[in-house]
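Inspection log for the structure reproduced underneath, given as structure tokens.
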Amino acid sequence: MSKLGSLGARLHRGEISYDFIGKRKIWYGISILITITAILGLAVRGLNMGIEFQGGAVFTTPTNMSTSVAQAEGYAKSASGHEAVVQKLGNGSLRIQIAGIDTDKSDQIKQTLAKDLNLNPEKLAADLVGPSWGEQIANKAWEGLVIFMVLVVIYLAIAFEWRMAVAALVALIHDITITTGIYALVGFEVTPGTVIGLLTILGYSLYDTVVVFDSLKEQTKDITKQTRWTYSDIANRSINGTLVRSINTTVVALLPVAGLLFIGGGFLGAGTLNDISLSLFVGLAAGAYSSIFIATPLVADLKEREPAMKALRKRVLAKRAQAAAEEDFADARSAAGDDPEDAAPAVVGPRNQPSSRTRGRGRPSGKRR
């Protein structure tokens, strides 16, 4: 068995563990700091919305263009008065995307751009996107996100309980905020592919969270009938028991996404892959983090507020204190050299004399009635 497999088995059996729940304030602080950074990025820089959301025009040149990307960006800005996004495609053609322009002026922009590129205007393909269509796409994206969230809360409240549903919802909002904040800080374009990637990572995040919740639900059956573990203790055991599984699934999912982002978008220059690959990469990592460090600790916090869980914690802590006191007393006597047999009370009187409780049991006395 590999070292990672052996570690996972020992974590599952409870032989070793890490106190995730006990250090939950640290994880909360880190998450709050990351979330604030993401919100500041959104507030200061904003999202670079794609042409599908803003409306505009996309011009595609013929193949084997000698014009560089920087020159094409300058020509497009001069012709339209707006910033342009230019990508060099695999066949040597240029894709010039200009967002936020009036579609009525697209013919004029096309003529000017073709002249600057030394092209026949008929060879410069143009695709127009109206702002109303982009607004419809944005509204549909928000509707899909809201419906997804509502269904998640309803399902978790039925399958588990409302506290777990609340914790999962907080974790999902945490993942969305971080992903959109990184998009704002990096400046990648937000396209419908980005929305698809965002909804996909929410499913991955929910999967990791449900795995831990299912283990927690199973281990907390009849929890109030014992005095060995508190709810937080069992929650910590659930995280440790599924930790290696969560790491393995996340790493396996991240590897192909990293190939899309860093190799496809970085080395090969396929910029159209960046919109979906970045949301998948950031969202998968944030989802694994939130399921371990946010969702389950938050459930433990909410459950520990219940009167039954408070009473259980008092009983467990009292029993542990008593066990610790007895152990300290035994260690002190052992260090002093006392023999437990010497500590037995001495018997007073003749050794063969029966005690008052057993006297007369050997033979009957008196008459039977």
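The values are calculated or read from the model by the stated rules, or taken from the named source; none is laboratory data. Predicted, not measured: the structure shown is a model, and the values here were computed from it. Here the Cβ positions follow ideal geometry from the backbone for every residue, glycine too, while neighbour counts run over all protein chains shown. With ligands, DNA and RNA removed, areas are computed over all heavy atoms of the protein, side chains included. Shrake-Rupley method; radii C 1.70, N 1.55, O 1.52, S 1.80 Å.
The table that follows gives values for the structure above.
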read-out	value
Sole exception among (1) of a type in the set (S, T, N, Q); (2) touching a residue at least 12 places away in the same chain (Cβ under 8 Å); (3) open to solvent by 80 Å² or more (accessible area, probe 1.4 Å) for Q71, by number	(2)
Selection within segment 223-232 - part of a helix (DSSP H, G or I) and open to solvent by 40 Å² or more (accessible area, probe 1.4 Å)	T224, K225
Verdict on Y155 being closer than 21 Å to I247 by Cβ and in a helix (DSSP H, G or I)	no
Selected residue (criterion: farthest from T63 (Cα to Cα)) from residues of segment 112-132 that are loosely packed, with under 13 Cβ neighbours inside 10 Å and modelled with pLDDT under 75	S132
Filter pass, E83 being touching a strand residue (DSSP E or B) at 6+ places or on another chain (Cβ under 9 Å) and open to solvent by 70 Å² or more (accessible area, probe 1.4 Å)	yes
Flag for I201 being in a helix (DSSP H, G or I) and closer than 30 Å to M49 by Cα	yes
Sole exception among (1) open to solvent by 20 Å² or more (accessible area, probe 1.4 Å); (2) within 29 Å of T180 (Cα to Cα); (3) touching a Ser or Thr at 6+ places or on another chain (Cβ under 8 Å) for A57, by number	(1)
Any pair with Cβ under 6 angstrom, 6 or more apart, that starts in segment 278-290 at a residue that is without any contact (Cβ under 8 Å) to a residue 60 or more places away in the chain and ends at one that is in a helix (DSSP H, G or I)	F281/V257; F281/L261
Subset of segment 207-222 that is of a type in the set (S, T, Y) and part of a helix (DSSP H, G or I) - its residue that is nearest to A253 (Cα to Cα)	Y207
Residue satisfying all of: in segment 196-223; over 17 Å from the mean Cα position of the chain (by Cα) and without any contact (Cβ under 8 Å) to a residue 24 or more places away in the chain; farthest from L280 (Cα to Cα) among these	D222
Meets criteria (open to solvent by less than 80 Å² (accessible area, probe 1.4 Å), assigned to a loop (DSSP other than H, G, I, E, B) and among the aliphatic types (A, V, I, L, M)) for I101	yes
Residue under evaluation N48, criteria (1) modelled with pLDDT of 85 or more; (2) farther than 30 Å from T242 by Cα; (3) not hydroxyl-bearing (S, T, Y), criterion not met	(1)
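Condition check ((1) surrounded by fewer than 21 Cβ atoms within 10 Å (Cβ to Cβ); (2) farther than 15 Å from D275 by Cα; (3) among the polar types (S, T, N, Q)) across all residues:
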| residue | (1), (2), (3) |
| --- | --- |
| L156 | no, yes, no |
| A171 | no, yes, no |
| G197 | no, no, no |
| T200 | yes, no, yes |
| G203 | yes, yes, no |
| V211 | yes, yes, no |
